[in-house]
Structure formats: structure tokens, C-alpha cells
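The values are calculated or read from the model by the stated rules, or taken from the named source; none is laboratory data. Just so it is clear, the model here is predicted, and its values are computed rather than measured. Methodologically, a virtual Cβ is constructed for each residue, glycine included, from the backbone with ideal geometry; neighbour enumeration extends over all protein chains shown. Heads up: the accessible areas ignore ligands, DNA and RNA and are worked out on the full protein's heavy atoms, side chains in. Shrake-Rupley method; radii C 1.70, N 1.55, O 1.52, S 1.80 Å.
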Amino acid sequence: MTHPFSTRQIPFYLTAAGPCPYLPGRQERKLFTRIDPGEGPGLNDALTHAGFRRSQGVLYRPACEQCDACHSARIPVETFDWTRSFRRVLKRNDHLVRHEKPAEATAEQFALLTRYLDSRHGDGDMAGMSYGEYVLMVSDRAQRTDLVEYRDPAGRLRACALVDRLRDGPSLLYSFFDPDDAPRSPGTFMVLDAIRWTKENGFSNVYLGYWVPGSRKMDYKSRFRPLEVLTSAGWQSLEQILNDIGDEPDADEGED
């Protein structure tokens, strides 16, 4: 039997409890492991499918003692519902040209990220990020990672997404855009473009990170139907889970 990464014992660590960034009044803890450069893509692939998320050289998942609200989420692209609202978002952004590049930070990207953070997430964990910190976030050569840039007809950078390539499709790690373009819904557009790219290239899923019901910051992902979430029984349809508990979210909620 072959393995996508070394069969050495993988050490895992548990963080101390701290304030939850998604649900006020709750505490979060994370289980994590560091990625050895020699086994990065295979380990990233395996653990992402098991509910982990990559951040730089670390793979982590929530391990909270009194809460299990966070669920890994992915979009099965073959059956994705292209609603009229989504098609309008594509039309509003059809002037943008997609460019896939190696994951190498540039000053142009960092300037756009700074504007984005200052405008929309001035009190977030990433506020005040330095260029050196951005380089560390982006330039991890141990992974199969791309930066997808979106440029207008004049060649100006309008949006950007950091994407890991897994065996069955992309994992969207982080995206940012020119805050002046917010009326065009560029955040939603980058997810839709990833869905379109994934299907055109013969892959099956787009990974979105964590869906957190009750968190406006993360619950917007439930708009992308059908959405699958990872449960103790494996990947299951979010729609079926919500129908079972009688809780159907407002499809218009959420932000880019």
C-alpha cells in the first residue's frame, strides 16, 4: 500500500483556549501539526479531507471543549445551482481577466490587501499585517499553491485569491479585493470563478474552509448550494442536515 506522505508518526499539538473569532462569548482551541516540507502536498491533501485547514506551514482544525459549531465545507461543482443571482455576479465581473501565478508575494498584491483590510477588517487579526508577514503567508513552496489574480482591462489588479490545489479540486485559503468594487460582489465572484474553473478542468470539489452557523462572517457559505459539510458520519449535504433540524438559513445573508 502506498501513502501520499511519510508514515512517520505525526505529532499534534493543542493550543490554549482563547476567544472565538466567530461566535461571541465562546472559547476556541485548535489541534494542529506542522508540515514537513518533504510531505507538504500529500499531508495537506489527506488532512484537508479530514477536516483540517492550512495556514502557512501549519494544518489545524477546531478542538473546542464545549462547542462543535465549525464544519469543513465544500461545494460539489457538478451539481452546483447557478441561480440568477449568481449569474448576475458573473456578469458584473465579466471584464476581469484571470491570471494564475506561482505563490510569490508582490508589493502590488500587498498594497491591495492593505486597502482591503483597512476598509473591511480594520479590527481583525490580520489588521496591520506587514509586508514580511504577507510574504510568509503566501510564499510556502512546500505546497501546490497558486495566486489567482484578477485584473481589469487596463491591467490593474482588482482582486486576488490564494489557492491550494488538492487532488479533487482547489482549497480557497484567502481572498481580497479592491474595496471600491464591493458593489460588484467580488468575493462571491471569486468563489463562482473557482467553481467554474474546477468543473472545466475535470475536478469535483471546491473547499471553502469552515462553515459556522450563527456567524455572519462564515455562515454566508451556505448560499452556495448544494454545500457539503464534514460530520462524524462523513461528508453530508448541508440542505439535508438543515431540513432534519428544521433550520433553513436566509440565502441572501452573508458578505463577500
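Before we move on, is Arg54 in contact with a Gly (Cβ under 7 Å, 6 or more places away or on another chain) and either within 18 Å of Leu14 (Cα to Cα) or among the basic types (Lys, Arg) (or both)?
no
So is Met129 surrounded by 15 or more Cβ atoms within 10 Å (Cβ to Cβ), of a type in the set (A, V, I, L, M) and under 25 Å from Leu166 (Cβ atoms) or not?
So Met129 fails the test.
Please go through segment 182-233 and give me each residue that is over 19 Å from Pro21 (Cβ atoms) and of a type in the set (Phe, Trp, Tyr), ordered by number.
Phe189, Trp197, Phe203, Tyr207, Phe224
Checking the conditions here, which among Arg184, Arg196, Arg144, Arg158 is modelled with pLDDT of 95 or more, under 17 Å from the mean Cα position of the chain (by Cα) and open to solvent by 40 Å² or more (accessible area, probe 1.4 Å)?
After ruling out the rest, the residue left standing is Arg196.
Looking at segment 199-208 only, could you name the residues that are surrounded by 19 or more Cβ atoms within 10 Å (Cβ to Cβ) and within 21 Å of Tyr150 (Cα to Cα)?
Val206, Tyr207, Leu208
Can you confirm whether Arg165 is basic (Lys, Arg) and within 19 Å of Gly209 (Cβ to Cβ)?
Against the criterion (basic (Lys, Arg) and within 19 Å of Gly209 (Cβ to Cβ)), Arg165 qualifies.
For segment 209-220, enumerate the residues that are part of a strand (DSSP E or B) and crowded, with 21+ Cβ neighbours inside 10 Å.
Result: Trp211, single match.
Looking only at segment 70-100, count how many residues are surrounded by 13 or more Cβ atoms within 10 Å (Cβ to Cβ) and aromatic (Phe, Trp, Tyr).
The number of residues fulfilling the criteria is 2.
Say whether the condition of being open to solvent by 60 Å² or more (accessible area, probe 1.4 Å), at pLDDT 80 or above, in contact with a Leu (Cβ under 9 Å, 6 or more places away or on another chain) and not in a loop (DSSP other than H, G, I, E, B) is met by at least one residue in segment 14-25.
Yes, some residue in segment 14-25 is open to solvent by 60 Å² or more (accessible area, probe 1.4 Å), at pLDDT 80 or above, in contact with a Leu (Cβ under 9 Å, 6 or more places away or on another chain) and not in a loop (DSSP other than H, G, I, E, B).
Return only the number of the condition from (1) more than 24 Å from Leu47 (Cβ to Cβ); (2) modelled with pLDDT of 95 or more; (3) open to solvent by less than 60 Å² (accessible area, probe 1.4 Å); (4) not in a helix (DSSP H, G or I) that Asp256 does not satisfy.
For Asp256, the failing item is (2).
Can you find a residue that is part of a loop (DSSP other than H, G, I, E, B), modelled with pLDDT under 90, surrounded by fewer than 18 Cβ atoms within 10 Å (Cβ to Cβ) and not acidic (Asp, Glu) anywhere in segment 37-53?
No, every residue in segment 37-53 fails to be part of a loop (DSSP other than H, G, I, E, B), modelled with pLDDT under 90, surrounded by fewer than 18 Cβ atoms within 10 Å (Cβ to Cβ) and not acidic (Asp, Glu).
Please report, ordered by residue number, the strands (runs of 3 or more DSSP E) entirely within segment 84-201 with at least 2 residues that are touching a residue at least 60 places away in the same chain (Cβ under 8 Å) and touching a Phe, Trp or Tyr at 6+ places or on another chain (Cβ under 6 Å).
The qualifying strands (runs of 3 or more DSSP E) are 157-166, 169-177.
Against the definition (of a type in the set (Lys, Arg), at pLDDT below 95 and within 30 Å of Gly234 (Cβ to Cβ)), how does Arg120 come out, yes or no?
Spelling it out, it is not the case that Arg120 is of a type in the set (Lys, Arg), at pLDDT below 95 and within 30 Å of Gly234 (Cβ to Cβ).
If a residue has to be at pLDDT 95 or above and more than 21 Å from Asn201 (Cβ to Cβ) to count, how many in segment 65-88 make the cut?
5
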